[in-house]
1. In whole angstrom, how far apart do the alpha carbon centroids of the range 257-313 and the range 112-167 sit?
2. Report the gain in length on full extension from residue 15 to residue 152: 0.36 nm times residue separation, minus Cα-Cα distance, nm rounded to one decimal.
3. Would you list 280, 27 from fewest to most Cβ contacts within 10 Å?
4. Farthest toward the dipole's positive end in the chain, which of 127, 14, 260, given Cβ charges of +1 (Lys, Arg) and -1 (Asp, Glu) about the Cα centre?
5. Dividing the convex hull volume of the Cα atoms of the range 195-312 by its residue count, what figure in Å³ per residue is obtained?
6. Between 63, 238, 221, whose Cα lies farthest towards the positive end of the dipole of the chain when Lys and Arg beta carbons carry +1 and Asp and Glu beta carbons carry -1, centred on the Cα centre?
7. Exposure proxy check: 316, 213, 54 ranked by fewest other beta carbons within 10 Å?
8. Using a simple charge model, +1 on the beta-carbon of Lys and Arg, -1 on the beta-carbon of Asp and Glu, nothing else, what dipole does the range 7-126 show about its Cα centre, in debye to the nearest 20?
Amino acid sequence: MEASRIPWMIPTRMARHEFWRHEYRAHRYLAGASESSLLQRTRDLARNMFWVNSSGQLSVRSSTPADQSWWALWTHFLEEAGLRGLPWQHHDIFDADWVREIISAPAAPRGLTILRGRALPRSPYLARLGQADHLKASYTRGSFRIAPASSYADPSLTAAIADDELSIASVRSVSILPPGVPAVGTIQKVNPPFAELTKTVRTSQNYFVLCMSAVYDPRLLTDFQADAVLIIRKPDLLIRRLKYAAQKVRPELKPWFGPVEYYDPYKAGTEAARIPMLKHFRYAYQNEFRFAWLTPDPNQIWEPFFVHIGPIRDISDIYL
């Protein structure tokens, strides 16, 4: 059958942003979001769509398929704003305070100059950001502090760190029909009444965690309010040593190491068992590699503990 005789088919040739707009209209998942929720979403998207270049200027990410996925979500927001007639241009959708913090032009960003001209490893590596005294202890003695995941739900922490690591929330927009109107066959208007339903799944068990980044982005130094970077050139050796050291100190804990998976709350599943390796997509730019230790013991005392793996000069470099 010819495409012209199928009214719902999308034309085979169209601009990419138009395709994304058609895509959104077919599944209007933000219809029930409040204006404040939409504003927060734009700020979450912006943190992943923009970065700081070598001149300290705010720049756009757009070269990889992953970058394009952020622009698709941004276009979905624009389409929702257009359907509602929202003057989104009048809102601080980029979070001006955050932008002012990370740009350093005309000077190069501190996160870049701290590397002193040295190139990052081409092979897989890990980056640990923090305060100089703490990272020196890791570099010279192999000391690492392992903290309860619950300790990150602390509003005094920076926005790049503070998070509820024990729960995930999925959000759905549902249309509200007047009493007596059947849902089947109802013609949807451009702006029907919608409500937003949030389902929160919380793990019943806390866990211990140590966080690093699989990709070092110079802006992370500012985001984390750090003044030092530890680059692990041989992550496999670090993983092996950490597993062994933690086993000696806390043999009852079960290790779970790997890259974090970032979820979109408007498209998320709700599996409690996977929570230790899930984070809201607002943190996706951090490219976190997580070292987690789990225990089934309900009487666990949740206090930080240290592991000591010995000097790691052979597998890492420190920048202060």
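1. 13
2. Full extension from residue 15 to residue 152 adds 45.1 nm.
3. 27, 280
4. Checked the options; the winner is 127.
5. Given the Cα convex hull of the range 195-312, per-residue volume reads 143 Å³.
6. Ranked along the dipole, the leading option is 238.
7. If I rank by nearby Cβ atoms, fewest first, I get 54, 213, 316.
8. Roughly 480 debye for the range 7-126.
Every number here is computed from the coordinates shown, using simple stated rules; none is lab data. This is a predicted model, so every value here is computed, not measured. Glycine also receives a Cβ, built like all others from the backbone with ideal geometry; neighbour counts cover every protein chain displayed.
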